[in-house]
Amino acid sequence: MELPKAFYEKYQKLLQEEAEDFFAALTKGRVSKGYRLNPSKPDSFAMLTKYGPTKRRAAPYATNAFLGNVGGKTLLHQAGYVYSQEPSAMIVAATAAIKPGEKVLDLCAAPGGKSTQLAAQLNGEGLLVANEIFPKRAKVLSENIERWGSTNVIVTNHAPNELVTTFSGFFDCVVVDAPCSGEGMFRKDPIAMDQWQADTSLKCATRQKEILTAAVKMLRNGGTLVYSTCTFSPEENEEIISWLVKKYPFTIETIPQKNVAYGRPEWGDGNPDLVKTIRLWPHLNQGEGHFVAKLTFHGENPIVNKKKKDGKTKISKKTSTLLNDFKQKFPLPQNSTLQMFGDYVWAVPQAAPDLTGIKVLRNGVELGVLKKGRMEPSFNLAMTATQQTISAFPILKISYTDWLHYVAGETFTKEGNAGWVLLCVDEVPIGFGKQVQGIVKNFYPKGLRFKGEPLAK
């Protein structure tokens, strides 16, 4: 891999005696891969041992995280037990250190690595709004949130400034993993290197300031802003933080991480607190490279007190009866309100404000859909089964071979006539099926179907 000449000259000057080790890591080093385990899933560690990689090493910057690779078409990935994520990227949500019950915004969220990590920290309490500006990426984000199974996540599709009217002064924490020049992805993604130009960082910095201007307006007084990039550029890192603390009432906080590198005050405006920020370098630390800063907001933003509406579709007496019957069979998410959107029934987080005018792709948990006088449970509801709730579901245990048929969209045989059941491979919930006279009818979402491979250990 040959680095761009302007990039080489820039970092030769900045890093001096470190430069050659840095260039060698970028051009000759191995790409780091990692994954995180979903702690809320039933028997997650036991299932990781049975169906995941046989050899595991802990990843350095997050809990329940490991070095290695888990394929996207494996049982554990499809069931939301693991999320594949580059190791250094895990430091962003770890830095946020969210507490259950808080209201959190992941402003540039796709494809969902940070959001699933933040959702795990919330543990079903409070609210996470995961936003992505680009529709296709927002769809991928929504699918990853669905598999993860969190019940208190809303997925939106907006430019950051379009969210301010609804969420002014609303959040305890806003995470901005900003679009950047992607220098930390060079050895992982050659396209990022090919697209790099000498002025790329300056162009990105302009966009980052626009995003942060919106982000600041959505923080409560005393709230936390976590800013990060996957680039090495001072223009997008120390200089951005220097601009931020000069323009707004922020203090830079210490991040309690060991075995990391730190920000360089001389690469910003000389503010000594810039050393509290963290830099991950491929020649010094595990991973491809990242920058992260944690700041506390000391300003006042107007709070929008919009009255929350009860639902989009009025629930008839007949529908209410169907919902009551449904609730008798399936455990529903806590701290949520039932709302109908057309024929679809959702459990909307109680902590959510009125979202009128907001493009919402996922509004909590899709419970099911009304069809011809009956209600069919959704794949989303199946993914919410946790160690605590799974025993309340009607369960049918199936084999790994049955799972291969299921994800391919095929029916399979299993003696019994139980009706709607949560299908589980061992303790791994994989979706709903309808068992009728020994045949399990397939309700795996058509858009997710694929041809899997036999389990190899």
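FYI, it's all coordinate maths here, none of it is from the lab. Just so you know, these numbers come straight off a predicted model, no measurement behind them. Cβ placement follows ideal geometry from the backbone for every residue including glycine, while neighbour counts extend to all protein chains displayed.
Full-extension gain between L3 and N324, please, as 0.36 nm times their residue separation minus the C-alpha to C-alpha distance.
Working: separation 321, 0.36 × 321 = 115.56 nm, distance 6.25 nm.
Stretched out fully, the L3 to N324 stretch lengthens by 109.3 nm.
Pairwise inverse Cα distances across the range 6-62, averaged and inverted, put the Kirkwood hydrodynamic radius at 14.8 Å.
In this simple spin-label model, placing a label point 7 Å from the Cα along the Cα-to-Cβ direction at both K55 and W243 gives a separation of 4.5 nm. The lysine pair count for the range 16-153, using Cα distances under 25 Å and pairs eight or more places apart or on different chains, is 26.
Taking amide H positions as modeled 1.01 Å from N, with prolines and chain starts lacking one, the residues under 5 Å from F341 and 5 or more places away or on another chain are W346.
Note on T337 and K314: their simple-model spin labels are 1.8 nm apart, each label 7 Å out from Cα toward Cβ. Between A97 and N221, the C-beta separation translates, for a Förster distance of 22 Å, into a calculated FRET efficiency of about 0.70. Projecting the Cα atoms of Y61, L423, S320 onto the dipole axis of the chain, where Lys and Arg carry +1 and Asp and Glu carry -1 at the beta carbon, places S320 farthest toward the positive end. Whole-Hz Karplus values for the range 245-258 come out as 6, 7, 7, 10, x, 10, 10, 8, 9, 6, 9, x, 10, 9 Hz, taken residue by residue from phi with 6.51 cos²θ - 1.76 cosθ + 1.60 and θ = phi - 60°; glycine and proline positions read x. Using C-alpha pairs under 8 Å with a sequence gap of at least 6, the mean separation divided by the residue count of the range 5-297 gives a relative contact order of 17 percent.
Could you check what % of the DSSP bridge pairs in the range 15-147 are antiparallel, to the nearest 5?
Details: 8 of 12 bridges.
If I count the DSSP bridges inside the range 15-147, around 65 percent turn out antiparallel.
Can you tell me the order of 50-58, 91-99 when each peptide is scored by its average per-residue count of other Cβ atoms within 10 angstrom, highest first?
Details: 50-58: 14.7, 91-99: 22.8.
Final packing ranking: 91-99, 50-58.
What's the longest piece of the chain with no exposed GluC sites (Glu not before Pro), counting a site as exposed if DSSP puts it in a loop and it has at most 12 other beta carbons within 10 Å?
Details: sites that count: E2, E300, E415.
With a cap of 12 other Cβ atoms within 10 Å, the longest stretch comes to 3-299.
Placing +1 on the Cβ of every Lys and Arg and -1 on the Cβ of every Asp and Glu, with nothing else charged, gives the chain a dipole about its Cα centre of roughly 1760 debye. The range 362-405 to the range 74-124: how many Å between their Cα centroids? About 22 Å separates the Cα centre of the range 362-405 from the one of the range 74-124.
As a check on your grasp of the helix formula, calculate [θ] at 222 nm for the chain: sum -39500 (n - 2.57) over DSSP H runs of n ≥ 4, divide by the residue count, round to the nearest 500.
Working: 14 runs with 127 residues, N = 457.
Calculated from helices alone, the mean residue ellipticity at 222 nm is -8000 deg cm²/dmol.
Just how many % of Cα pairs in the range 1-124 lie over 25 Å apart, if you round to the nearest whole percent?
Details: 2975 of 7626 pairs.
Here the long-distance tail beyond 25 Å is 39 percent of all Cα pairs in the range 1-124.
Full extension of the chain between D189 and F45 gives 48.7 nm of extra length, using 0.36 nm per residue less the Cα-Cα distance. Computed over the range 138-245, the quotient of the alpha carbon radius of gyration and 2.2 N^0.38 Å is 1.19.
By DSSP, the beta bridges lying fully in the range 5-297 are antiparallel in about 55 percent of cases. Across the range 283-299, coupling constants 3J(HN,Hα) worked out from phi with the 6.51/-1.76/1.60 Karplus curve, θ = phi - 60°, read 8, 10, 10, 6, x, 7, x, 7, 10, 8, 9, 10, 10, 9, 8, 10, x Hz, and Gly and Pro carry x.
About the centre of its Cα atoms, the range 288-424 shows a dipole size close to 680 debye [charges on the beta carbon of Lys, Arg (+1) and Asp, Glu (-1) only; nearest 20 debye].
What ranking do 429-438, 397-406 get when scored by the average of other Cβ atoms within 10 Å per residue, highest first? Intermediate results must be reported in sequence, preceding the final value.
Values: 429-438: 19.1, 397-406: 17.5.
Output ranking for 429-438, 397-406: 429-438, 397-406.
Here the Kirkwood formula, the inverse mean of 1/r across different C-alpha pairs, assigns the range 300-399 a hydrodynamic radius of 15.1 Å. Projected label points at T27 and Y262, each 7 Å from Cα along the beta carbon direction, are separated by 3.2 nanometres.
Maximal additional length on extending the A159-N417 stretch stands at 88.0 nm, based on 0.36 nm per residue less the C-alpha distance.
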